[in-house]
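The structure appears right after this line, and notes come after that.
The numbers here are math on the coordinates, done by the rules we state, and not lab data. Bear in mind that the values here come from a model prediction, so they are computed numbers and not experimental data. Every residue, glycine as well, gets a Cβ built from its backbone with ideal geometry; the counts of neighbours run over all protein chains shown.
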Amino acid sequence: MQTIKQWIVATLVALCTVTQMHAQETTKTLTLDDLIPGGRSYSRFAPRTIKQLQWCGDKYFYVKGDSVWQGKPGSKKKEQVLFTRKELNQAMLAAGLKEVGQLPYFAAPYRDQTVLSFTAKKHRIYYNFRTNKVEDVYQVNGRWANLDYTPTSGMIAYTDGNNLAILNKGNTITKVTAEKDPDIVCGTSVHRDEFGIHKGTFWSPSGKQLAFYRMDQTMVTDYPLVNVAARSAELNAIKYPMAGMKSHEVTVGIYNTETEQTVYLDTDEPKDRYFTNIQWSPDGQYLYVAEVNRAQNESKLVRYRTATGKEDRLVFTETHPKYVEPQQPVLFLKNNPEQFIWQSQRDGFNHLYLYTAEGALIKQLTQGDWVVTDVLGFDSAGQNLFYVSTEVSPLERHLYKLNLQTGKRIQLTTEAGVHHTQVSASGTYFIDSYSSQNNPRTIAIAPTRKGKATELLAVNNPFTKHDVPTIKLGTIKAADGVTDLHYRLVTPSHLDPNKKYPAIVYVYGGPHAQLITNSWRAGTGGWDVYMAERGYIMFTLDSRGSANRGLEFENVIHRNLGVAEMADQLKGTDFLKSLGYVDANRIGVHGWSYGGFMTTNLMLSHPEVFKVGAAGGPVIDWSYYEVMYGERYMDTPQENPAGYKAANMKNKAGNLKGHLLLIHGDIDPVVLMQHTFSFLGACVDARTYPDYYIYPRHEHNVIGKDRVHLYEKITRYFDDYLK
């Protein structure tokens, strides 16, 4: 029979055991719903932020609950409520509008920094928070797109189908174009959003003239996309110019709202070149356009007279034996319309150059083995320019202030990490939202001169009650034996160094992408976290060909896509194999788009290394890819047959030995399903056996709630064949 003491001890042991088991069951395991955007509980683990934090002059405002709050840097006064949803609704009702159920998204302030704009109930609304009145209301049709408002004249340009129109005050409409052929499109982005193009309309400083793109696609082949959601599947054809084939032809129109007349730039021949980076001169008399030839090895900055559309002068020309790629328009100095800043990679890194309006180089403003990634504008006096660069490290982004007269530069952000900044209207303060590998997010207001920053938010680690993997950053040498490459290694939280683990390489490898940064969790995606805790080693390497390391680092891939990148990724797997806890016989690979091309290439070219792969939206045959991107990096199939043949995965279909899963959205307008369909045919001919999965009604990426399904599918595939 137990004594009382023995009974108490036994009970305490049992209680402790139950408590430990309960803690393990309720606090330790992270799911894909926790970690993948679109997941049911994703918001619980995404670092908190301050909603709609932005400048209103030299004061900042943000949304919290049903109120908009405002603060003034350097003031002893506390933040105050600027207005509430109740007050906004009072103004809405007074203007004959319906109330809003929650505070909308407010666009940048206009007119003396007292008017905010937003869209609600099919209206574009301009609200003066100082007077609590709706000043302007524009009735917006739901089918309209590409809305572009100019505060100087109060007009909104928009597209309706393939035509361009202007919505005036009083809600009258002016038709700018009247194209009958649906394959002639006006007012939209052109050249498939390459060369930094993101819009199709450009208001003059006075708001009285509107420059716009007109794109003639009648000569471009129709490409069929099919809507399988309809009972009888419907054809939705798009225009898709493939490398080496007929491309669309673009012109630039200038519409005068006073004369109601349009002139088109007299751009002459050839018709199939690219017109990019459009900018008005401050006086509205000229339009500056960067013109890139079809071969993309020459860029001309040309100035046109806006009254006649005639060329006024060739400002300058830039050439490169591989390719040129202007990304930003000219930036005129704030108080000097006779000078502008131009961004160029001419010395091997993206830097800033000061020119006269006629094209005489005054001086190079920035220089070094690092790149300028963004320009934020000037201070009120126009004496200082604010820009962001990688000067501290390719893994970080920092804000700098540059004195245009003296050339003196001051680094304004000092904490390690990736900084996202907004400079106030006068350039006196900046909002600094930054993260680093172990810092989820910090938001502060700081002066651009001497002074102390004021912290607005410091986010705690949302994973403190969960087991999370260890993340390590490091470098290895590229296949050239000289260049340093940055990698990220993610290992399970309870790593046993005496155990052998399967490893998965997550890869992209192409231009305009950088995966490794000193940001929260080193840029690690949620799937890497999930898989590491399931017992995988996750590895990512930014190979040559990726972004923000200079022109030579990127353009090494020219005409030979997949060669240098693959050689570098193999150096990465050599590094993995050197780790005692990695099973060299169980290495897999996963990537999307260019990363899907790399995944397929690695599986077919090195089946002795990569046993399992999951390739999402992969480019299989570069001759099926679009003109602008494809010809920049590969030239045309006629000019570079050997390069296209070597990068064509159909020619390697017989090499498949492991398990390869191909994934595609069935209405992908970027990497067409023809890529994976043709590869399946090649595999049938070669008697190899990949697996295939389609996401109906998804484009190039699987987004929304279905993204969780996507990564569950990929996880199961690696569990089945690699784990």
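Check the straight Cα-Cα distances from residue 657 and name the lysines below 27 Å, setting aside those fewer than 8 residues away within the same chain.
In chain and number order, the partners are 499, 500, 571, 577, 611, 645, 713, 723.
Using 0.36 nm times the number of residues separating residue 259 and residue 298, minus their current alpha carbon distance, what extension gain do you get?
On the way: separation 39, 0.36 × 39 = 14.04 nm, distance 3.62 nm.
That pair, residue 259 and residue 298, stretches by 10.4 nm at full extension.
So which trypsin sites (Lys or Arg not before Pro) in the stretch 227-276 pass both tests, a DSSP loop state and at most 15 other Cβ atoms within 10 Å of the Cβ? Spell out each step's value before the answer.
Values: sites: 231, 239, 246, 271, 273; in loops: 231, 246, 271, 273.
Within the stretch 227-276, the qualifying trypsin sites (Lys or Arg not before Pro) (loop, at most 15 other Cβ atoms within 10 Å) are 231, 246, 271.
If the convex hull of the alpha-carbon atoms of the chain is projected onto planes in all directions, what is the mean projected area in square nanometres? Display every interim value, and only then the final one.
Working: hull surface 160.2 nm².
Taking the Cα atoms of the chain, their convex hull projects to 40.0 nm² on average.
Give me the orientation-averaged projected area of the Cα convex hull of the stretch 474-568, in nm², one decimal.
For the stretch 474-568, averaging the hull's shadow over all directions gives 6.7 nm².
For the stretch 189-267, build the charge dipole from Cβ charges (+1 Lys, Arg; -1 Asp, Glu) around the Cα centre, then report which of 254, 267, 215 sits farthest towards its positive end.
Among 254, 267, 215, the one farthest towards the positive end of the dipole of the stretch 189-267 is 215.
Going through the stretch 69-109, which trypsin sites (Lys or Arg not before Pro) have at most 14 other Cβ atoms within 10 Å and a DSSP loop state? Write down the numbers at each step before the final one.
Details: sites: 76, 77, 78, 85, 86, 98; in loops: 76, 77, 78, 98.
Sparse-neighbourhood loop trypsin sites (Lys or Arg not before Pro): 76, 77, 78, 98.
May I ask for log10 I(q)/I(0) of the stretch 50-140 at q = 0.10, 0.11, 0.22, 0.25 Å⁻¹, from a Debye sum over the Cα atoms as equal point scatterers with solvent left out?
Treating every Cα as an identical point scatterer, log10 I(q)/I(0) equals -0.24, -0.29, -1.12, -1.42.
Compute the Rg to Rh ratio over the stretch 370-461 from the alpha carbon atoms, using the Kirkwood formula for Rh, and round to two decimal places. Please report the intermediate quantities before stating the final value.
Working: Rg = 13.0 Å, Rh = 13.4 Å.
So for the stretch 370-461, dividing Rg by the Kirkwood Rh gives 0.97.
Pull up all non-local amide H partners of residue 226: gap of 5 or more, or a different chain, and H-to-H distance under 5 Å with H placed in the peptide plane.
Correct list: 236.
Using unit Cβ charges (K, R positive; D, E negative) and no other charged atoms, how large, in debye to the nearest 20, is the dipole of the stretch 28-100 about its Cα centre? Show your work: numbers first, answer last.
Details: 14 positive and 7 negative charges, 60 e Å.
With Lys and Arg at +1 and Asp and Glu at -1, about 280 debye.
5 Å is the cut-off here: which amide hydrogens, built 1.01 Å from N in the peptide plane, fall below it relative to residue 691, excluding neighbours closer than 5 in sequence?
Distant-sequence amide H within range of residue 691: 660, 661, 662.
Charges at C-beta only: +1 for Lys and Arg, -1 for Asp and Glu. How large is the resulting dipole of the chain about its Cα centre, in Debye rounded to 20? Display every interim value, and only then the final one.
Details: 79 positive and 74 negative charges, 506 e Å.
Once rounded to the nearest 20, the dipole reads 2440 debye.
Based on alpha-carbon centroids, what's the gap between the stretch 508-571 and the stretch 83-149 in Å, whole number please?
43 Å
From the mean inverse distance of alpha carbon pairs (Kirkwood) and the Cα radius of gyration, derive Rg over Rh for the stretch 604-687. Numbers along the way, then the final one.
Values: Rg = 13.2 Å, Rh = 13.6 Å.
Radius of gyration over Kirkwood radius for the stretch 604-687 works out to 0.97.
Can you give the charge dipole size of the stretch 470-721 about its Cα centre, rounded to the nearest 20 debye, using +1 on the beta carbon of Lys and Arg and -1 on the beta carbon of Asp and Glu? Let's see the in-between values first.
On the way: 25 positive and 27 negative charges, 127 e Å.
Computed charge dipole of the stretch 470-721: roughly 600 debye.
Just the Cα atoms of the stretch 571-723: what Rg and Dmax do they give in Å?
Rg then Dmax for the stretch 571-723, in Å: 15.7, 48.
Among all helices in the chain defined by DSSP H, which have a length of 24 Å or more along the axis from Cα atoms plus a Kyte-Doolittle mean of at least 0.0?
Values: long enough: 4-27 (34 Å, 0.56).
Length and hydropathy pass: 4-27.
When the label point is put 7 Å from the Cα of residue 380 along its Cα-to-beta-carbon vector, which residues of the stretch 42-70 have a backbone N closer than 12 Å?
The answer is 57-59.
Give the calculated FRET efficiency between residue 183 and residue 233 to the nearest 0.05, with a Förster radius of 22 Å applied to their Cβ-Cβ distance. Display every interim value, and only then the final one.
On the way: r = 23 Å, r/R0 = 1.02.
That gives a FRET efficiency of 0.45.
For the stretch 405-523, with equal point scatterers placed on the C-alpha atoms only and solvent neglected, what are the log10 I(q)/I(0) values from the Debye formula at q = 0.17, 0.20, 0.23 1/Å, to two decimals?
-1.04, -1.18, -1.32
Which shape class applies to the stretch 282-391: rounded if a/c is under 1.5, otherwise prolate when a/b exceeds b/c and oblate if not, where a ≥ b ≥ c are the square roots of the Cα gyration tensor eigenvalues? Don't jump to the answer; show the numbers that get you there.
Values: a/c = 2.16, a/b = 1.07, b/c = 2.01.
Oblate, since a/c reaches 1.5 and b/c is not below a/b.
Could you give me D for the stretch 229-322, from Stokes-Einstein at 4 °C and 1.567 mPa s, where the hydrodynamic radius is the Kirkwood radius over C-alpha pairs? Units µm² s⁻¹, please. Please list the in-between numbers first.
Values: Rh = 15.6 Å.
Using the Kirkwood radius from Cα pairs, D works out to 83 µm²/s.
Rg(Cα) of the stretch 313-447 divided by 2.2 N^0.38 Å?
1.11
Using every pair of alpha-carbon atoms in the stretch 146-289, split the distances into 5 Å bins beginning at 0 and state the percent of pairs per bin, rounded to integers.
Calculated P(r), rounded to whole percents: 2, 9, 17, 21, 19, 13, 9, 6, 3, 1, 0, 0.
Plugging the Kirkwood radius over Cα pairs into Stokes-Einstein for the stretch 516-632, at a temperature of 37 °C and a viscosity of 0.692 mPa s, what D comes out in µm²/s? Don't skip to the answer; put the middle values down first.
Numbers: Rh = 15.5 Å.
D, rounded to a whole number, is 212 µm²/s.
When the Karplus curve 6.51 cos²θ - 1.76 cosθ + 1.60 is applied with θ = phi - 60°, which whole-Hz ³J(HN,Hα) does each residue of the stretch 652-669 get, with x for Gly and Pro?
10, 4, x, 7, 5, 10, x, 9, 10, 9, 9, 10, 8, x, 7, 10, 5, x
Along the three principal axes, how long is the stretch 470-721 when you take its alpha carbons, biggest first, rounded to the nearest angstrom?
Computed over the stretch 470-721, the largest-to-smallest principal extents equal 52, 40, 34 Å.
Please list, short to long, the whole-number percent of alpha-carbon pairs of the stretch 233-278 in consecutive 5 angstrom bins beginning at zero.
Bin by bin from 0 Å, the calculated values are 5, 15, 18, 17, 14, 13, 9, 6, 3, 0.
At what distance in angstrom do the alpha carbon centres of the stretch 370-391 and the stretch 458-506 lie from each other?
33 Å
Report, by chain and number, residues whose modeled amide H sits under 5 Å from the one on residue 493, excluding near sequence neighbours (fewer than 5 apart, same chain).
For residue 493, the qualifying residues are 470.
Just name one of 460, 475, 421: the one whose Cα is farthest towards the positive end of the charge dipole of the stretch 412-475 (beta-carbon charges, Lys/Arg +1, Asp/Glu -1).
In the stretch 412-475, that residue is 421.
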